[in-house]
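Reviewing the structure listed below.
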Amino acid sequence: MAPSPPVASSGLLRMRDFRLLLAGAAAGQVGAQVTLVALPLVAVLVLKAPAFEVGLLTAAETAAFLLIGLPAGAWVDRMRKLPLMIRADAVRALSMASVPLAAVADVLTMVQLYVVALVTGAATVFFDVAHQSYLPELLPREQLMAGNGALETVRSSAHVAGPGIGGGLVQVLGAHLAIVADAIGYAMSALFLLAMKRPPESRPEPVPGASLRKDIGEGLRFVLGHPLLRVIAATTGLGNFFTAMLMATQTIFLVRVIGVPPFAIGLMLSASAVGGLVGALSAGTLAGRLGQARIIWLSALATGPFALLWPLSGPGATAALFAIGSGVVSFGAVVYNVAQVSFRQTVCPPRLLGRMNATLRFLVWGTLPLGAVVGGAVAGAFEPRAALWACAIGYLFVPLPLLLSPLRRMRDLPAPAAWDDTQDPATRDTGGHPETLVAG
C-alpha cells in the first residue's frame, strides 16, 4: 500500500468540513490533556487519596472500553456518526463541569470522581468509535493516511500544549477549577461538529435477521480472523496495559517521590508530548521510506527501551529523564498508530467499520483499566518506582507479537482484496499470494 501524500499537498486543509473536524479534535484534546494533569491532582492534592485509589480512578476512566466496547460498535453501525459524536461531546462537557461545581460547594468526593470518570469514559467510547468510522466517509481511501496523520498531529499538538496549560491552571486556580478547561473543550468540539455542512448521513439500513449478538460476533470474527489485525490487537493491547500502569503511577511518583510541583509536571508532560508531535509529522515520510508494514514493528522495537528512563529519573536534573523517555516512547507510539489505524480503515468494508473499530478498542483499550489497577496495586504495596520498573521492563516485550508475525517479512501492507459481503470472511479469495491479507 503506497503512503498517501503529505497533508500540505493533498488538499485536505482546503476542505471546510475536514478543517472543522480537526478544530473539534483540537478543542476536545486540549481539554482532555488539561484533565490528564488536573484530575489525578484533584485526587492527590485535594482529596489526599492513596496510590491505590488514584489507580482506581485511572481505571475508571477507561473501564467503559472493557464494559461496553463490543456492543458500542454494533450500535454505532446502526446510527448516524456525526450526531452521535455531538451528543457524546455534550455528555462529556456536562460531566466534567460537575467536578468544579461540587468542589466549590465543598461536597466533592472520590465517589463522584469515579462516577465522572465512568460517564466520561462511556461517552468517549461512542465518540472514538464513531470518529474513526466517520473519517472514511469524509475522505477517499487514498487520503486516509494523510487524514489520520493530520488528526495525530492535532492530537500530539494538544498533548504538547494541554499538560502545560493544565499544570499552570492547577498552580494558579487549583486542580478542581482547572477541569473547567476540559468542559469548555468538549463544548467547543460539539460546536465545531455542528458547524459542518456535509449532507446528513443516511441512517444505515437494518439487516434482516440481525441482532446485537450477531453483529458483535461478526465484528469479532472479522478482527480475530484477520492475520494482521490479530497481531495489531495483541501488540496494542500489551502496550496499552503498560501505558495504563504508567498513567496510574506517574502523578504519585512525580509529586511524592521526586517532589515535582504541579506546574513543572505539566511542563514535563508537554515536553514528553513533543515526541508524539514529531512522530505525527514524520509518520508519512517514514512509512514511504521504510515501508508501511516495516514501520509498524520498527517504531515499537526502536523506541520501547527508552521507557527504562522513567524509573531512573529522580529529584533535580535527573527528573528530565522522565520527560525524555516519555517523548521517545510517544514518538514511536504515534508513528505506529498512524500506520496501523490507516490500514484498519482501508481493509475493512464500510458496513463493518464501527464493529471493527469497537472490537479493536475493546481488545486493546480493555487492557487499560487492568493495567491501571495493577499499577496502583504495585505502587501501593511496594513503591511508585517499583511500578515504573515493572512498566518499563514490560515495554521491552511489546513488539514481540509483531516480530513473530508475517508482518516482519513485509515492507508494505498489501491492498485489501475486493469485498464481497455475501462471502464468508474465512474463505474469501486472496489471490493465492502468501503475504496477501486474508480479508476476514
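For region 358-373, what are the residues that are over 12 Å from the mean Cα position of the chain (by Cα) and within 14 Å of S133 (Cβ to Cβ)? A358, T359 - these are the residues of region 358-373 that are over 12 Å from the mean Cα position of the chain (by Cα) and within 14 Å of S133 (Cβ to Cβ).
Within region 215-240, restricting attention to residues that are β-branched (V, I, T) and buried (at least 23 other Cβ atoms within 10 Å of the Cβ), the residue that is modelled with the lowest pLDDT is V223. Screening E152 against (1) at pLDDT below 80; (2) surrounded by fewer than 22 Cβ atoms within 10 Å (Cβ to Cβ); (3) of a type outside the set (G, A, S); (4) touching a Gly at 6+ places or on another chain (Cβ under 8 Å) leaves a single unmet condition, (2).
Every residue in region 51-62 that is farther than 9 Å from G376 by Cβ and surrounded by fewer than 24 Cβ atoms within 10 Å (Cβ to Cβ), please.
Applying the first criterion (farther than 9 Å from G376 by Cβ) to region 51-62 yields 60-62.
Matches in region 51-62: A60 only.
Here P83 meets each of (1) over 20 Å from the mean Cα position of the chain (by Cα); (2) closer than 30 Å to K48 by Cα with one exception, condition (2). Looking across region 87-104, the residues that are surrounded by fewer than 20 Cβ atoms within 10 Å (Cβ to Cβ) and at pLDDT 90 or above come down to R87, A90, V91, L94, A97, S98, L101, A102. Scanning region 291-317 for residues that are free of Cβ contacts under 8 Å to residues at least 40 places away in the same chain and out of contact with any Ser or Thr (no Cβ under 9 Å at 6 or more places or on another chain), which turns out farthest from E152 (Cα to Cα)? Per the criteria, the residue is G316.
Rundown of residues vs (1) surrounded by 21 or more Cβ atoms within 10 Å (Cβ to Cβ); (2) over 30 Å from D77 (Cα atoms); (3) touching a Gly at 6+ places or on another chain (Cβ under 7 Å), yes/no style:
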position: L312; (1), (2), (3): no, yes, no
position: P315; (1), (2), (3): no, yes, yes
position: T318; (1), (2), (3): no, yes, no
position: V335; (1), (2), (3): yes, no, yes
position: C348; (1), (2), (3): yes, no, no
position: L353; (1), (2), (3): yes, no, no
position: R361; (1), (2), (3): yes, no, yes
position: L370; (1), (2), (3): no, no, no
position: G375; (1), (2), (3): yes, yes, yes
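Reported count of residues in region 272-297, each being surrounded by fewer than 23 Cβ atoms within 10 Å (Cβ to Cβ) and more than 19 Å from the chain's Cα centre (by Cα), is 7.
The values are calculated or read from the model by the stated rules, or taken from the named source; none is laboratory data. Here the structure is a predicted model, which is why all the values come from computation and not from measurement. Heads up, the Cβs are rebuilt from the backbone with ideal geometry, glycines too, and the neighbour counts pull from every protein chain shown.
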